[in-house]
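Each remark here refers to the structure printed beneath this line.
Coordinate-derived values only; no laboratory data. These numbers were taken from a predicted model, which means no experiment stands behind them. Here the Cβ positions follow ideal geometry from the backbone for every residue, glycine too, while neighbour counts run over all protein chains shown.
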Amino acid sequence: MATITEMKPKKIRIGDLLIANKVISQEQLNTALADQKKSGRKLGRVLVDNGFLSEDQLLTFLSQQLNIPYIDLRRYHYKPETVRLIPETHARRFRAIALEDSRESLLVGMADPTDIFAYDELSRVLRRPLRFAVVKESELLKTIDRVYRRTEEISDLAHELQQELTAQGGVDLAALAEAEGLTDAPVVKLLQSMFEDAVQVNASDIHIEPDEKELRIRFRLDGVLRVQTIADRRIASALVSRVKLMANLDISEKRLPQDGRTNVRIRDKSIDVRVSTMPVQFGESVVMRLLNPFAGVLSLEQVGMPKNVLERFRRMIHNPNGMVLVTGPTGSGKTTTLYGALKELNRPEFKILTAEDPVEYRLPGINQVQVNTKIELSFARVLRSMLRQDPDIILVGEMRDQETAEIGLRAAMTGHLVLSTLHTNDAVSTALRLIDMGVEPYMVAASLRAIVSQRLVRRICESCAEPCELPAAQMAIVRAEAGDKADQLQFKRGRGCSHCNGSGYQGRIGVFEYLEMDNALVEAMHSGDPLKFSAVARAQPGYQSLRRSAIVLAAQGLTTMDQVIRATYSLEE
């Protein structure tokens with residue numbers, strides 16, 4: 001990297017400079033200034049949000065005008081201990097991140113390097129000469145979330161709770177119940193810190209697991225569990241009791257599983273928490289699923305379907321009637337795909353009803369029903385009532401039994417579009433699974449239009465991706481699918497870096513298999529021969545199995561063959 005001399009930011013009129021260099025027009029600047037006056041946001045952010053120029057264009061321009069480097073944080077290998085030289089509150093407030101610590105000075109990346117007030121405050125706190133670079137704000141915030149974890153804070157609070165319980169001689173359930181409004185109790189602060197850390201790193205679940213001698217707290221990140229902290233098992237009872245109180249569960253019942261819901265407020269966001277308790281050998285295991293009901297629903301393009309699958313799926317969901325199924329195991333992204341379809345279909349002229357367990361995201365303009373088995377409000381019962389509500393489109397969270405499947409298929413036969421999910425291994429076995437559930441073959445043939453099967457695989461970290469040679473066993477799998485072209489394919493892996501916490505992976509991507517019920521498939525299904533049905537399905541034009549689709553992603557450098565095998569191991573022929 002080129003040497004960067006110590007500097008104090010210059011106050012520049014970014015709007016005038018952009019006009020002078022013909023990057024934006026005077027009219028665009030006037031519009032942005034008016035928006036800035038209303039919102040109070042920085043001018044650069046307003047220009048980008050209005051689409052007058054891209055963030056990359058703005059940052060490259062600032063880099064040239066200020067004679068400082070523009071650093072892509074996705075490619076920059078920082079040291080977490082260097083980043084933490086700036087206190088988290090200052091890093092978030094001033095959108096600043098410490099990148100390089102030399103003996104003479106500290107290199108600081110900023111989203112707005114013209115902020116003189118930020119420079120003065122950082123200089124006062126750090127007490128050393130500063131050099132500056134410009135970085136993308138979205139990447140800066142992701143890096144801050146990744147680095148400023150609460151691991152030590154959670155461990156300290158767990159130890160504080162242990163000491164309090166030791167002094168008291170046990171868990172005082174009455175005190176816990178009365179502490180509903182208190183925020184300084186160790187158990188309350190511990191849970192708050194856990195929730196904040198989980199939301200910060202985008203964890204989907206928090207697991208509290210008592211063992212013989214210790215208590216494990218684990219987060220699920222990108223589908224993989226990671227240990228957050230190990231604490232003394234004696235705090236488990238207090239922690240579980242507090243969670244139960246939050247979710248309105250019976251704190252005295254420890255012999256039976258319980259399910260409940262609660263809501264927590266983190267960083268001005270309301271997060272729904274689905275709580276499940278289970279009696280285990282050394283206490284009660286608790287899993288808390290974190291759901292952001294106001295998070296933006298992904299569009300079908302953002303879901304990650306390949307173009308050929310997306311076009312066919314989109315055509316199918318715009319039919320006025322019939323059933324479209326999305327299949328796969330728990331956690332494979334089925335709900336995300338169906339919500340993407342609903343987002344596209346949600347128009348004023350359509351009445352859309354959903355039956356879900358639970359309602360994970362709130363969709364404006366759509367009537368969503370929460371299934372509740374405790375009062376016998378089952379999928380089948382809700383579905384029967386839905387048909388009297390004159391709907392155009394129905395979403396059923398899951399085809400769990402014969403009754404639900406039959407009602408859904410009848411609705412699809414009588415002028416409704418029905419979207420639902422089913423737990424099957426692949427698209428080919430789904431139609432036969434409906435028949436195995438007791439549904440008449442003629443109903444499946446008349447109503448079922450298309451099946452999407454999907455999995456989620458971990459995405460290779462962009463910051464440390466590198467070419468790799470596959471072991472012989474994995475190359476044999478590739479050759480079985482790609483034939484002679486296998487030797488021309490290039491594969492990658494993640495080396496492991498600070499961006500991915502040394503794992504080599506960051507984020508996930510979907511793998512899809514698509515099957516349409518044409519005349520040949522309907523005839524094969526009526527024959528009742530699974531082998532014939534499978535052969536006809538695999539011979540369908542444009543059909544691509546889950547394994548082949550996953551190998552395509554690996555050949556594109558998006559995932560690894562380890563992930564391909566892990567996601568499709570049950571589909572080997």
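A few comments on the model shown:
- Unit charges on C-beta of K, R, D, E only; dipole of the chain, Debye: 1280 debye
- Nitroxide proxy distance, nm - points 7 Å out along Cα→Cβ at S25 and E311: 3.5 nm
- Prolate/oblate/rounded call for the stretch 296-441, Cα gyration tensor, a/c under 1.5 rounded: rounded
- Gain on full stretching of the segment that runs from D35 to T373 - 0.36 nm per residue minus C-alpha separation: 116.7 nm
- Separation in nanometres of the label points that stand 7 Å from Cα toward Cβ, at E81 and V287: 3.8 nm
- Restriction of the trypsin sites (Lys or Arg not before Pro) in the stretch 37-110 to DSSP coil positions whose beta-carbon has at most 16 other beta-carbons within 10 angstrom yields R41, R74, R75, R84, R103.
- Under 18 Å from K142, Cα to Cα: lysines that are on another chain or at least 8 residues apart: K79, K269
- Extending 7 Å from Cα along the Cβ direction at Q402 and again at E523 yields two label points whose distance is 3.0 nm.
- Here D436 and D145 are evaluated by their C-beta separation; at R0 = 45 Å the FRET efficiency comes out at 0.50.
- When you filter the GluC sites (Glu not before Pro) in the stretch 312-406 for DSSP loop state and at most 16 other Cβ atoms inside 10 Å of their Cβ, you are left with E349, E376.
- Helix 26-39 vs. the chain, principal-axis angle (Cα, 0 to 90°, nearest 10): 90 degrees
- Degrees separating the helix 151-168 axis from the principal Cα axis of the chain, which is the longest one: 80 degrees
- Counting DSSP beta bridges with both ends in the chain, the antiparallel % (nearest 5): 65 percent
- By the Cβ-Cβ criterion of under 4.7 Å, the unpaired cysteines of the chain are C468.
- Tensor-based shape of the stretch 369-409 (alpha-carbon gyration tensor, a/c under 1.5 rounded, otherwise prolate or oblate): oblate
- Overall form of the stretch 77-138 per C-alpha gyration tensor (a/c, 1.5; a/b vs b/c): rounded
- Beta-bridge orientation, the stretch 49-170: approximately 45 percent antiparallel, per DSSP, counting only bridges with both partners inside.
- For K37, a cut-off of 21 angstrom between C-alpha atoms picks up these lysines, skipping any fewer than 8 places away in its own chain: K11.
- Candidates per GluC sites (Glu not before Pro) in the stretch 251-340, loop by DSSP, up to 14 other Cβ within 10 Å: E253
- Residues E121 and E164, FRET efficiency given R0 of 51 Å [Cβ-Cβ distance, rounded to 0.05]: 0.85
- Candidate lysines - alpha carbon under 23 Å from K334, same-chain residues fewer than 8 apart omitted: K307, K343, K351
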